[in-house]
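Working notes, structure below.
The values are calculated or read from the model by the stated rules, or taken from the named source; none is laboratory data. Just so it is clear, the model here is predicted, and its values are computed rather than measured. Note: ideal-geometry Cβ built from the backbone for every residue, glycine included; neighbour counts use all protein chains shown. Only protein heavy atoms, including side chains, enter the accessible area calculation; ligands, DNA and RNA are left aside. Shrake-Rupley method; radii C 1.70, N 1.55, O 1.52, S 1.80 Å.
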Amino acid sequence: VGTPPIKVLMPALSPTMEEGNIVKWLKKEGETVNTGDALCEIETDKAVVTMESSDDGILAKILVEEGSKNVRLGSLIGLLVEEGQDWKAVEIPADAGDPSSLAPPAAAPTSAPAGPSVSAPPKLEHHPGKLQIRLSPAARNILETHGLDPSNITPTGPRGIFTKEDALKLLQEKQKGKPSEVKPVVSPVPPQPTAVPSAPPATAGTSPYPRPAIPPVSTPGKPPPPGAFTEIPASNIRRVIAKRLTESKTTIPHAYATADCDIDAILKLRKELAKDDIKVSVNDFIIKATAVTLKQLPDVNVTWGGEGPRQLHSIDISIAVATDRGLITPVIKDVAAKGIQEIAASAKALAKKARDGKLLPEEYQGGSFSISNLGMFGISDFIAVINPPQACILAVGRARTELKIVEDDEGNEKLKQHQLMTVTLSSDGRVVDDELASKFLETLKANIENPMRLALC
């Protein structure tokens, strides 16, 4: 009997996490582990998070190696033993390495000779002694609907593809009363060892005619053939972004409103602050102005709770940060109560942690309102997608110079340059109607153009 283990399971490191990737183990087998020590780095659907140990002991066995993808929650990833026990003799539980704990599951072993491919060719049973046939989508549908065997006719499509016309010709011959042209779709005869297909088999499926697994082959020095592509594996974060964007655009009735804001006063105030070595950005003023506006109009500081709106008591601003892993929105808490300099320090620190993949769950969860600023990329204006369950997101463009007619102290009109910035509010029509959205933008514009007002709230 081996040393009884303490199980280390894949934890839920975010509310929407269903599976994670093991990025790096920070402890080696045989090392002492104390409660709170960093065990490993796990990529969740939001960020790369450090998993801490909840027990004392010795790391006896790493069951899921670095680089493992899509490890489900609750899966067994490692074993600890108590201090003083023989960690090398740890008892491996029966469920360790269970394929059901990983996605996708490993392929079942077969009696066929081992080869370089991991999966066995399951589709040889459908057409023993014959090579697989490349089918066009339309041809596949006709064959499956009428139970036709494509091996009785020579394909006429390019590169040997069985086309729709070939399938219709086969169907006409069947309808004319030629039974020899129709054969069972699935043969009960076991596969014969003499038939070895030259192409790797397609993945298993319900169709008797699997889609070809061989993409068109590119030749160096020549243009790629039609249909050639490169598979790009999607990270957990990318998959969650795709899911949430689809959810947002299909379930939230987006409404849009745009306003131009004069930021001359903000630029002048920035110069004054810089003289005292206080460095803040225009975006920091926008974050503060948004929080002040939300305090003045609390009906916009809401989320949709399924049955209706929920008015939030705290003003927490999510700032969109682009990273190599995708877009993530760290949250600055209680922004209305913070000064510009404190907002600038928080935004800078959170953006760096987001790009390094070191955000803690509490630093990107929640938020009552989002801001996405693409001005630094030269974008004049754009429309952003709402981050559910929030009700609004503000899209901020770059500053641009425009001429405007103004009156001097003597009442004479003259042209003067102004720095304008376009902001677009995307709002959830269920909780923020057009009138409220317009009032929000009007108040936000006044707060941005008169930054001294920000000190009053």
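Cβ-Cβ under 9 Å, sequence separation 6+ or interchain: first residue in segment 327-344 and closer than 30 Å to Arg239 by Cβ, partner surrounded by fewer than 23 Cβ atoms within 10 Å (Cβ to Cβ) and of a type in the set (Phe, Trp, Tyr). Which pairs?
From segment 327-344, the pairs are Ile328/Tyr364; Thr329/Tyr364; Pro330/Tyr364; Val331/Tyr364.
Is it the case that some residue within segment 299-306 is open to solvent by less than 20 Å² (accessible area, probe 1.4 Å) and among the aliphatic types (A, V, I, L, M)?
Of the residues in segment 299-306, the ones open to solvent by less than 20 Å² (accessible area, probe 1.4 Å) are 300-303.
Of the ones still in play, those that are also among the aliphatic types (A, V, I, L, M) are 300, 302.
So far as segment 299-306 goes, yes, one or more of its residues are open to solvent by less than 20 Å² (accessible area, probe 1.4 Å) and among the aliphatic types (A, V, I, L, M).
Starting from segment 51-69, take each residue that is at positive phi and assigned by the TED database to the domain that holds Thr35 and list its partners that are in a loop (DSSP other than H, G, I, E, B) and among the acidic types (Asp, Glu), counting only C-beta distances under 8 angstrom and pairs at least six apart or across chains.
Gly57/Glu82; Gly57/Glu83
Which residue is modelled with the lowest pLDDT, if the candidates are limited to segment 306-346 and must be farther than 15 Å from Asp284 by Cβ, hydrophobic (A, V, I, L, M, F, W, C) and part of a strand (DSSP E or B)?
Looking at residues that are farther than 15 Å from Asp284 by Cβ, hydrophobic (A, V, I, L, M, F, W, C) and part of a strand (DSSP E or B), I get Leu327.
Go through (1) of a type in the set (A, V, I, L, M); (2) under 19 Å from Asn236 (Cβ atoms); (3) open to solvent by 20 Å² or more (accessible area, probe 1.4 Å) and name the single condition Leu26 misses.
Every condition holds for Leu26 apart from (2).
Is it fair to say Lys279 is within 23 Å of Val335 (Cα to Cα) and either among the aliphatic types (A, V, I, L, M) or crowded, with 17+ Cβ neighbours inside 10 Å (or both)? It would help to see each step written out before you state the result.
Values: within 23 Å of Val335 (Cα to Cα): yes; either among the aliphatic types (A, V, I, L, M) or crowded, with 17+ Cβ neighbours inside 10 Å (or both): no.
So Lys279 fails the test.
Can you find, within segment 137-159, the residue that is nearest to Gly227 (Cα to Cα) among those that are within 39 Å of the chain's Cα centre (by Cα) and open to solvent by less than 40 Å² (accessible area, probe 1.4 Å)? Reasoning before the result, please.
Looking only at segment 137-159, we keep the residues that are within 39 Å of the chain's Cα centre (by Cα), and these are 137-145, 157-159.
From what is left, the residues that are open to solvent by less than 40 Å² (accessible area, probe 1.4 Å) are 139-140, 142-143, 157.
Details: Ala139: 18, Arg140: 18, Ile142: 23, Leu143: 23, Gly157: 15 Å.
My answer is Gly157.
Just name the residue that is most open to solvent (accessible area, probe 1.4 Å) out of those in segment 335-385 that are within 21 Å of the chain's Cα centre (by Cα) and of a type in the set (S, T, N, Q).
Filtering segment 335-385 for residues that are within 21 Å of the chain's Cα centre (by Cα) and of a type in the set (S, T, N, Q), the one most open to solvent (accessible area, probe 1.4 Å) comes out as Gln365.
Does segment 349-357 include one or more residues that are farther than 21 Å from Val396 by Cα and not in a helix (DSSP H, G or I)?
Residues of segment 349-357 that are farther than 21 Å from Val396 by Cα, as a first pass: 353, 356-357.
With the extra rule that they be not in a helix (DSSP H, G or I), the set shrinks to 357.
Yes, some residue in segment 349-357 is farther than 21 Å from Val396 by Cα and not in a helix (DSSP H, G or I).
Please find, within segment 6-21, the residue that is least open to solvent (accessible area, probe 1.4 Å) out of those that are touching a Lys or Arg at 6+ places or on another chain (Cβ under 8 Å) and not in a loop (DSSP other than H, G, I, E, B).
That would be Asn21.
Among the residues that make up segment 243-263, is at least one of them open to solvent by less than 10 Å² (accessible area, probe 1.4 Å) and either of a type in the set (A, V, I, L, M) or not in a helix (DSSP H, G or I) (or both)?
The initial filter retains those residues of segment 243-263 that are open to solvent by less than 10 Å² (accessible area, probe 1.4 Å), namely 248, 261, 263.
Keeping just the survivors that are either of a type in the set (A, V, I, L, M) or not in a helix (DSSP H, G or I) (or both) gives 261, 263.
Yes, segment 243-263 has at least one match.
Which condition number in (1) farther than 20 Å from Ile393 by Cβ; (2) hydrophobic (A, V, I, L, M, F, W, C); (3) open to solvent by 10 Å² or more (accessible area, probe 1.4 Å) is the one that Leu312 fails?
Against the list (1) farther than 20 Å from Ile393 by Cβ; (2) hydrophobic (A, V, I, L, M, F, W, C); (3) open to solvent by 10 Å² or more (accessible area, probe 1.4 Å), Leu312 comes up short only on (1).
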